[in-house]
1. If a residue must be of a type outside the set (D, E, K, R) and over 16 Å from the mean Cα position of the chain (by Cα), how many such residues does region 305-331 contain?
2. Is one or more of the residues making up region 359-380 small (Gly, Ala, Ser), in contact with a Lys or Arg (Cβ under 8 Å, 6 or more places away or on another chain) and surrounded by fewer than 21 Cβ atoms within 10 Å (Cβ to Cβ)?
3. Evaluate region 269-283: report whether one residue or more is in a helix (DSSP H, G or I), on the phi < 0 side of the Ramachandran plot and out of contact with any Lys or Arg (no Cβ under 6 Å at 6 or more places or on another chain).
4. Return yes or no: is Tyr40 touching an Asp or Glu at 6+ places or on another chain (Cβ under 6 Å) and at pLDDT 90 or above?
5. What are the pairs with Cβ atoms under 6 angstrom where one residue, in region 301-326, is within 27 Å of Gly249 (Cβ to Cβ) and touching a residue at least 12 places away in the same chain (Cβ under 8 Å) and the other, located anywhere, is part of a loop (DSSP other than H, G, I, E, B) and aromatic (Phe, Trp, Tyr)? Sequence gap at least six, or different chains.
6. For residues in region 120-154 being assigned to a helix (DSSP H, G or I) and without any contact (Cβ under 8 Å) to a residue 12 or more places away in the chain, which is surrounded by the most Cβ atoms within 10 Å (Cβ to Cβ)?
7. Which helices (runs of 4 or more DSSP H) sit wholly inside region 45-110 and have at least 1 residues that are in contact (Cβ under 8 Å) with a residue 24 or more places away in the chain and of a type in the set (S, T, N, Q)?
Amino acid sequence: MTEPTSHDPYTVYTAARSGRPVEVISSGPTRRSSYLITGYAEAREALGDARLSKDTAAFFAGKESSRTLHPALAHNMLASDPPEHTRLRKLVTGAFTTGAVAALRPAIARITDELLDEWAPGEPFDFVARLAVPLPVAVICELLGVPDEDRPSIRRWSAELFTAGAPNAIDAASHSLATYMTELVASKRAHPGTTLLDRLIAAHDGDDALTEEELVSLAVLLLVAGHETTTNFLGNALLALLLHPAAKGSLREHPDQIPAALDELLRFDSPVSTATFRFTTEPITLGGTDIPAGHPVLVALGAANRDSARFSEPDHLDLDRDATAHLAFGHGIHRCLGAPLAKAEAEIVLGAVLRRHPSVRLAVAAQDVQWRRTRLVRGLAALPLLG
């Protein structure tokens, strides 16, 4: 299969899906063929199939590797199966319920307005660097109790984790994040507070619900996953609206319609291109393709969301479409638990931008918009605006 481009991966995905919705792709470092899923039905089935394991440690056990990814990132909640996954997820689910997110909305709105206050009318504004990155970082850091002065480092290390073709930089960033979080846990033990991280520490220190390694791993995962997806979602959604003036105008005139539009924006340009690692624990058949046991399976969420077998005219942005079945946040027991928070941030940010800068437009030609070089997530490196 031709490698998808960052500007337009969907043409490649459509071509791949027209052949087979599940196909073999070249062998990776494990020297075993991987299977790529581009069809919606097959993707949804795979995401909910217990025969596809996410236990990365089990898959790579005994295999030689030159990688030095820190265990806190290599062995985390996303890389586990029940019952471990169930136990770990239960400890943090409460922080992302509808009620918990509703309590955060005033803070999200305040931070958004403060960041937009720095955008003078008529002046250029990089939406990614000046809003889409700092807002989600500020929110998740507030939840975890990360001091203001440490947040620039968090942003940098997190960005480096998703750099395509730079394994050494990724591994180094993983150690920086894990070391930082280990030190923060120690600091909070000495000076307890009321943040989510304090509650996780109490779970460890109180009834040993968490091992020390699990505590650090969960904290790092929340720190990274808590803002990466949202940052990409914000940029992708605003760019989609700028490229579809009628949709942008409709939401500007009817901001109460923004919440209902979010699912279609997520479907149209998913902030996660490919779901995290899975492998078969026994032979399975997906989309007419037989997959032997012990092989990696890559679920292309962005491709599945553009499958015409599920969504009519999938390359068309239609804010009136019922897109609630999109897979941008995954599906099944591993569905992104931060989805309500991400959608709340997007609703508030898009509403504020359209309200305060109704004439917002791209400051560069659409083809000159720069995308991040990463395979796992899909997001903008910069989004220069005028308004």
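The values are calculated or read from the model by the stated rules, or taken from the named source; none is laboratory data. In this text the structure is predicted, and so the values were computed from the model without any measurement. Positions of Cβ are backbone-derived with ideal geometry, glycine not excepted, and every protein chain shown enters the neighbour counts.
1. Total satisfying the criteria: 11.
2. There is no residue in region 359-380 that is small (Gly, Ala, Ser), in contact with a Lys or Arg (Cβ under 8 Å, 6 or more places away or on another chain) and surrounded by fewer than 21 Cβ atoms within 10 Å (Cβ to Cβ).
3. No: region 269-283 contains no residue that is in a helix (DSSP H, G or I), on the phi < 0 side of the Ramachandran plot and out of contact with any Lys or Arg (no Cβ under 6 Å at 6 or more places or on another chain).
4. yes
5. none
6. The extreme case among them is Pro152.
7. Fully inside region 45-110 and qualifying: 56-60, 84-92.
Conditions (1) touching a Cys at 6+ places or on another chain (Cβ under 9 Å); (2) over 25 Å from Thr194 (Cα atoms), marked per residue:
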residue: Ala74; (1), (2): no, yes
residue: Ser80; (1), (2): no, yes
residue: Thr93; (1), (2): no, no
residue: Ala132; (1), (2): no, yes
residue: Asp148; (1), (2): yes, no
